[in-house]
Each structure stands twice: as C-alpha cells, then as structure tokens.
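Throughout, read-outs are computed from the coordinates displayed, never taken from laboratory work. What you see is a predicted model, and the numbers here were worked out from it, not measured in a lab. All Cβ positions, glycine included, derive from the backbone under ideal geometry; neighbour counts span all protein chains shown.
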Ligand SMILES: *Cc1c(COP(=O)(O)O)cnc(C)c1O
C-alpha cells in the first residue's frame, strides 16, 4: 500500500514512512492510494480482528505475526475483556464504550497501538524520535501513556498551566518514566500550540532533535479507529447508523473509511458542541471559521476540523491541486464553499449533523443518570443528543462513548449532583507524586529544554 498527500505535491510513501512523517511535506495529509475492501474476521479477540482489519493498510512493511503481537500488546492495556463493549440504552440505541483504556478516552485505542508501531519501526531502522505536542487535556495523557515504555521515543508535552483539569494534569504528570516530560507553560493552549508549530518550523532544530508528532492528522490514528466500526456492527449483528461526537473529524472520518472498506454503516451523525463549524457546513454547504468558545466538552472545542481535509480530497475526486487551492482560499478568507453536486454526491447521502449546546448536554447527562443510573461524560452526551435528533425509525444507532465520566467529574457533578468515582486502576491518582517542569511562554527556553531531554 502506498500513501499520497491530499495536496498532491509530496512524495508517495509506504506505511512506515507515513506513520513517522505525520504531516506531508506539502502541508497535506496522507491517505492510502486506494480503499481496500476488507472482510473482517468474525471470531477471535478484538486485538486479533484489529490486526487483520488493518493489515491491508500496512501491506508487507510489517509482517502479519508482528502486527498481531503489537495489536495484542496494545489492547491488553484495556480494562474490559471486549476492549470496546457495546451497551444497549434504548430499544434501538446503543453505546460503544471506547473509554476502557489507560487514560479513559477513546484516543487510547489509536495511541496505545501507535506507540508500539513507532517503537517497532524505529528499532528496526536504528533511529530515535522526540515527540513534541501541545494538549488541552486528553491527547497529552493518551500520547504519554502510549509511548511511556518505548525505548526509541522521548516525549515532551506542553499544557497551559492551570487550564487543564486535575485529573487530566495528573494523568500526565504522575507517569514515572525516563522518556516522559510534562511541561506547564505560562500561557493558553494556543500559546502551547504555537510553540510546537514554531519548533517544527525551525528546520535546523527539528532535524537536530528528530522531532515527530502523533497528533490527530497522523494516518495511523485514523486507521486504528476504523476497527471498532467493524467490531461494533459484528456485535450488533446488523447494519446501523453511528453517532460520533466530533472535534477534528478524525473519529467520524474513520467511520466513513470503514464504510468504503465494506462495513455495513447506514449513516454517520456528526455531533458538535457550540463550536459548530461542521453543523453550519451541513446547513449552508460552506465552512466558515469563527472563534472558539469554551464548553463542557473541551476536547471538541476546535475552530477548524483538520481531518475534514481527507474527505474534501475525495469530494474533489482525489485532485490534490484542487484541494490545496480550496484550502489556501479557506486560510485566506476564513470561508470555503463546496459545489452543489459535490454536496449531493458525497455529503447528503451519508451524513447528518446536530449541534448540542451545554444546556442540552447537561439535560442528557441528567436524564441518563435518572433513567438508567448511568453516568455519561459530556462528549458522549453530545453524541447521544445528536443520535436522538437524527435517528431514523427502524435503524439502530450506535453512539460512540468517547470518554469515561470520571474524566470530567465537574460536568458530571453539575448535571447529576454526584461525583463519578475513578476506576480502580486510577483510584490513587490524587495521591501519586507529580513531576512537572514550569517554563515561560518562550521558544528559546522550550527548545533548550527539549534539546537537553533527547536521549542519544
Ligand atoms: C478528542 C476527543 C473527541 C473528538 O474526536 P475527533 O476525532 O477530534 O473528532 C471527542 N471526545 C473526546 C472525549 C475526545 O477526547
């Protein structure tokens, strides 16, 4: 399998190079040259089926026994025997619980595997990388946990001091591993992100320190997320619609790809919070940027959904030049429209969308607790509300439950009056020792810190 850039001007790569590159050199995102059709095995553990579903994307670059071993190692870190259990909440409505991994959010599904893929490829090539990233909460802890045992990877995660929850911070700062460094920046999340971008744009620094990224545009993350669409439909035993609480469009894109690979998916419901660039796109057929407002579901507080670029590339019949032009205009004008025929062929038959504001989100959380004695986190609640708005009679809906309620205790308490308990393996999180470095919002200081942390 070869990988091409959505902007058409970067070299084609194999799976391992696309994995390590993340972003293409022309600023585009890597996609496979074709969508393989897959007949997912119906027996075996989640890890075994995952390895088989992903193998066509990897080809011969990692052999099947090795892929099986890496997949088994990755998913043994999940605390549920089904890894991602399907739970019924209404006659035609199910939750797919994606939060049984080490850091309690669905990002573990991809990042537990990616850490192991990185380490495998790097050790074969006798290379090392330094992963740097910025986090507003969930990504940082999932990335740290995914690479904490990797011999060939160091990681520095920047977070805005005082602006992530105690649980989120402690999930990062209490990991005691020589290759993990959590840095509190005196600034906002945007400041952290700007520092990371500046480090990547500093070519001599980037090359001298072998910088790498595992953000949500990395192809392997999307790939790993296609798996649970197949396994959920197998558990259900019939076709279904999925409702996906969305930020960067990564998770819902994985559903669209699973459908291209042959999964019997009816429709994909795109759930947004008040940061509703996607909902407005479905209403107006135009993407228009606005500023970000903070909500109860912070992992979906985004201005632009970066993974939408991969769908846009398909809508342009895989014309990278046309896609690049459209995105340049979007950056310049803050707005981009798609043609009516593009919308009619690619969007209308497949997607539905709903925006859930904080009041509706809290109401869903409260109702789930009253009616089912069940805590749901605010992101999952956006997915449930969207499913209820967009579901069609006679078609079952599976809502992706993207975080454990204990990851967002304040919102859960606000909705239900009760604080959800942390699961067993994290019950002593608040007593563990933290390791934090404080740095100013200053590129030189951060670069000096990163350079000194590289193990040679
Ligand atoms: C990251 C995240 C999302 C959004 O996922 P995307 O792939 O960016 O759409 C939703 N819920 C939770 C809990 C998350 O951590």
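Dividing the convex hull volume of the alpha-carbon atoms in the range 143-187 by its residue count gives 62 Å³ per residue.
Once the chain from residue 291 to residue 341 is taken as fully extended at 0.36 nm per residue, the excess over their C-alpha distance is 15.1 nm. Distance between the modelled labels on residue 235 and residue 39, one decimal in nanometres: 2.4 nm (7 Å Cα→Cβ projection).
The fewest-to-most ranking of 167, 227 by surrounding Cβ atoms within 10 Å reads 167, 227.
When Rg and the Kirkwood radius Rh are both evaluated on Cα atoms of the chain, their ratio Rg/Rh stands at 0.93.
Using just the C-alpha positions of the range 1-141 as equal point scatterers, what log10 of I(q)/I(0) does the Debye formula give at each q in 0.10, 0.15, 0.17, 0.19 1/Å? With no solvent term, the Cα-only Debye profile gives -0.41, -0.91, -1.14, -1.32. With a point put 7 Å past each Cα toward its Cβ, work out how far residue 371 is from residue 176 in nm, to one decimal. Here the answer is 4.6 nm between the modelled labels.
In plain terms, the residue of 192, 150, 16 with the fewest other Cβ atoms within 10 Å comes first and the most crowded comes last, giving 16, 150, 192. Extents of the range 320-426, largest first, come to 51, 36, 28 Å (Cα atoms, principal axes, whole angstrom). Using C-alpha pairs under 8 Å with a sequence gap of at least 6, the mean separation divided by the residue count of the chain gives a relative contact order of 18 percent.
Cut-off 12 Å, label point 7 angstrom out along Cα-to-Cβ of residue 350: give me the residues of the range 242-269 whose amide nitrogen falls inside. What the label zone holds, given the 12 Å backbone N cut-off, is 252-263, 265-269. The modelled label-to-label distance for the pair residue 2/residue 425, using points 7 Å beyond Cα in the direction of Cβ, is 4.1 nm. Between residue 437 and residue 359, the C-beta separation translates, for a Förster distance of 41 Å, into a calculated FRET efficiency of about 0.60. The calculated FRET efficiency for the pair residue 452 and residue 166, based on their C-beta separation and a Förster distance of 41 Å, comes to about 0.90. For a label point 7 Å from the Cα of residue 64 along Cα→C-beta, name the residues of the range 12-54 whose backbone N is under 18 Å from it. It comes to 36-54, nothing else. Here the range 373-451 was treated as a single set of alpha-carbon atoms; its pair distances binned every 10 Å from 0 give 15, 27, 21, 23, 11, 3 percent. Given their separation in residues at 0.36 nm each and the Cα-Cα distance between them, residue 17 and residue 80 gain 19.4 nm when the chain is fully extended.
Each residue of the range 166-271 gets 168 Å³ once the volume of the Cα convex hull is shared out per residue. At what distance in angstrom do the alpha carbon centres of the range 377-442 and the range 109-151 lie from each other? Each part's Cα centre sits 23 Å from the other's. Annotation for the range 261-300 versus the range 8-80: alpha-carbon center distance of 26 Å.
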